[in-house]
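Novice: Quick one: the structure is below, questions incoming.
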Amino acid sequence: MKNVKICFIGGGNMATAIISGLFKKYGEDLNIHLIDHKNKNLEEISKKFKISTSCNFDESIRSCDVIILAIKPQQMKEVAISLRPYTQSQIVLSVAAGIRIVDLTRWLSGYKAIVRCMPNMPAAIGLGITGIVASLEVSQSQFDIVVSIMQSIGETVVLDNERLIDAVTAISGSGPAFVFYFIEAMIQAAVELGLSYEQGRKLAINTFIGASHLVNQSDESISILRQKVTSKGGTTHAGLSSMDSYNVKNSIGMALGAASIRASLLAVELGIE
Ligand SMILES: NC(=O)c1ccc[n+]([C@@H]2O[C@H](COP(=O)([O-])OP(=O)(O)OC[C@H]3O[C@@H](n4cnc5c(N)ncnc54)[C@H](OP(=O)(O)O)[C@@H]3O)[C@@H](O)[C@H]2O)c1
């Protein structure tokens, strides 16, 4: 990353997460320029990290290797159009939900070296997961740079088809909210079963953390692990049987399907000129 110059456009939550991840992973050996029209954002980030900043588009964009578009999807068209005079051989990396490569290319007047990423909220603490897909015009070495950048905020999954980014959006992009929903339901149940809110919160969160780590580290399949804690006639069996009778697995599938459909519709809506 030492010889890679990165220019961020947009200095909000996601840019802050990536910049912080990069500094954690690579130390001070970085060349980062941040552009945001809000001075407050620039001041806050540059107080913490050694980066250059600007309120406006400037020549740094032209000389960088990677332009990271970390703005809201609704701001993408306007920003991409303003970016036209500055693109030459950089990789344009978008982290925006619902913005298709084809639309970015059109707004960038035919520019094609584009990578689309879908990170998620735990990126803020370095535990994100990012789906990554590149246009054919991105070289392997450019792609490797993008993967290294996104790995500074967690794990990555490389996709060979942009259509799959809608599924990533549903599973891991929206996923933290689904996990929070499940945790909330567990805490509510804990309280109804007589525990305090704090006790329920601690039990629910640490069960998620422990189960996730176990499944991640284990050589056994998820269903074997589940069977191991489900003895016939026992408590877990009673709980899972109840979930089956309410078709919970099916409901989860429907919810993720709805999120994926919404992601693809959003992409069409956002891509309309
Ligand atoms: N946050 C997440 O957990 C998450 C997860 C997955 C994907 N993403 C994606 O990441 C992208 C950024 O999200 P975010 O939460 O970081 O957004 P954010 O906090 O709103 O940050 C975007 C920043 O860019 C600034 N900006 C807008 N237009 C600009 C321009 N023309 N020039 C310079 N700066 C400009 C915005 O200023 P104003 O507020 O004045 O517009 C804001 O400070 C989104 O597209 C989102 O879909 C975020």
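Novice: Full extension from GLU43 to LEU266: what is 0.36 nm times the residue separation minus their Cα-Cα distance, to one decimal in nm? Spell out each step's value before the answer.
Specialist: Working: separation 223, 0.36 × 223 = 80.28 nm, distance 3.29 nm.
Once the chain is fully extended between GLU43 and LEU266, it gains 77.0 nm.
Novice: Further, regarding this structure: Go ahead and set up a Gaussian network model of the chain, Cα springs under 10 Å, then flag whichever of VAL191, VAL157, VAL147 fluctuates most.
Specialist: Most flexible of the set in this elastic network: VAL191.
Novice: Under 15 Å from the 7 Å Cα→Cβ point of ARG84, by amide nitrogen: which residues of the stretch 258-273?
Specialist: Only 273 fall inside the zone, counting backbone N under 15 Å.
Novice: Please give the calculated 222 nm ellipticity per residue for the chain, where each DSSP H segment of at least 4 residues contributes -39500 (n - 2.57) and the sum is spread over every residue; nearest 500 deg cm²/dmol? Mind showing how you got there, number by number?
Specialist: Numbers: 12 runs with 140 residues, N = 273.
One gets -16000 deg cm²/dmol as the mean residue ellipticity at 222 nm.
Novice: Given a cut-off of under 8 Å on Cα pairs at least six residues apart, what relative contact order in percent is computed for the chain?
Specialist: Numbers: 386 pairs, mean separation 40.9, N = 273.
Over the chain, the number comes to 15 percent.
Novice: May I ask you to evaluate 6.51 cos²θ - 1.76 cosθ + 1.60, the Karplus curve with θ = phi - 60°, for each residue of the stretch 95-105 and list the ³J(HN,Hα) values in order in whole Hz, giving x for glycine and proline?
Specialist: 9, 6, 5, x, 9, 7, 4, 4, 6, 4, 4
Novice: Same structure, new question: Which of SER54, SER174, SER245 moves the most in a Gaussian network model of the chain with Cα springs under 10 Å?
Specialist: Result: SER245 has the largest fluctuation of those listed.
Novice: Mean Kyte-Doolittle of at least 0.5 plus a Cα span of 24 Å or more along the axis: flag which DSSP H helices in the chain meet both, please.
Specialist: Numbers: long enough: 175-192 (26 Å, 1.17); 197-217 (30 Å, -0.26); 248-271 (34 Å, 1.02).
Length and hydropathy pass: 175-192, 248-271.
Novice: Just want to confirm a number: the relative contact order over the stretch 62-135, from Cα pairs under 8 angstrom separated by 6+ residues, in percent. Walk me through the intermediate numbers first.
Specialist: Values: 111 pairs, mean separation 20.7, N = 74.
Reported relative contact order: 28 percent.
Novice: Mind checking the full-extension length gain between VAL157 and VAL179? Use 0.36 nm per residue of separation minus the Cα-Cα distance, one decimal, nm.
Specialist: Values: separation 22, 0.36 × 22 = 7.92 nm, distance 1.96 nm.
Length gained between VAL157 and VAL179: 6.0 nm.
Novice: Using amide H atoms built in the peptide plane, which far-off residues or other-chain residues are under 5 Å from LEU34 H to H?
Specialist: Excluding prolines and chain starts, which carry no amide H, the hits are PHE8, SER52, THR53, SER54.
Novice: Normalised by the residues of the stretch 140-273, what does the relative contact order come to in percent, with Cα pairs under 8 Å and at least six apart? Write down the numbers at each step before the final one.
Specialist: Details: 43 pairs, mean separation 38.5, N = 134.
RCO, the stretch 140-273: 29 percent.
Novice: Still on this model: Which of the peptides 164-171, 263-270 is most tightly packed, and how do the rest follow, going by the mean number of other Cβ atoms within 10 Å of each residue? It would help to have the intermediate numbers written out before the result.
Specialist: Details: 164-171: 21.5, 263-270: 15.5.
Packing order, densest peptide first, comes out as 164-171, 263-270.
Novice: With a point put 7 Å past each Cα toward its Cβ, work out how far VAL229 is from VAL102 in nm, to one decimal.
Specialist: Simple spin-label model gives 4.4 nm for this pair.
Novice: Give me the number: length gained by fully extending LEU193 to LEU136, i.e. 0.36 nm times residue separation minus the C-alpha to C-alpha distance, one decimal in nm.
Specialist: Numbers: separation 57, 0.36 × 57 = 20.52 nm, distance 5.52 nm.
Length difference between fully extended and current span is 15.0 nm.
Novice: Turning to a different aspect of this structure: Can you tell me the FRET efficiency between SER251 and ILE222 if r is taken as the Cβ-Cβ distance and R0 is 22 Å, rounded to the nearest 0.05? Write down the numbers at each step before the final one.
Specialist: Values: r = 19 Å, r/R0 = 0.85.
Between SER251 and ILE222 the formula returns 0.75.
Novice: Here's a follow-up. Please compute the Kirkwood hydrodynamic radius over the stretch 24-96, one decimal place, Å, based on all pairs of different Cα atoms. Don't jump to the answer; show the numbers that get you there.
Specialist: Details: mean 1/r = 0.0755 Å⁻¹.
With all distinct Cα pairs of the stretch 24-96 included, I get 13.3 Å.
Novice: Describe numerically, in nm with one decimal, the distance between label points set 7 Å from Cα along Cα→Cβ at HIS213 and at SER241.
Specialist: If labels sit at HIS213 and SER241, their model points lie 3.3 nm apart.
Novice: Evaluate the charge dipole of the chain about its Cα centre and quote only its size in Debye, nearest 20, assuming +1 on the Cβ of each Lys and Arg and -1 on the Cβ of each Asp and Glu. Mind showing how you got there, number by number?
Specialist: Working: 25 positive and 24 negative charges, 38 e Å.
For the chain, the charge dipole is close to 180 debye.
Novice: Here's a follow-up. Using Stokes-Einstein with the Kirkwood hydrodynamic radius over Cα pairs, what translational diffusion coefficient do you get for the chain at 20 °C and a viscosity of 1.002 mPa s, in µm²/s rounded to a whole number?
Specialist: Working: Rh = 20.7 Å.
D = 104 µm²/s.
Each value in this text was obtained by applying a stated rule to the coordinates, not by laboratory testing. Remember, it's a predicted structure, so these values are computed and weren't measured experimentally. Here Cβ is always computed from backbone atoms with ideal geometry, including for glycine, and neighbour counts include all displayed protein chains.
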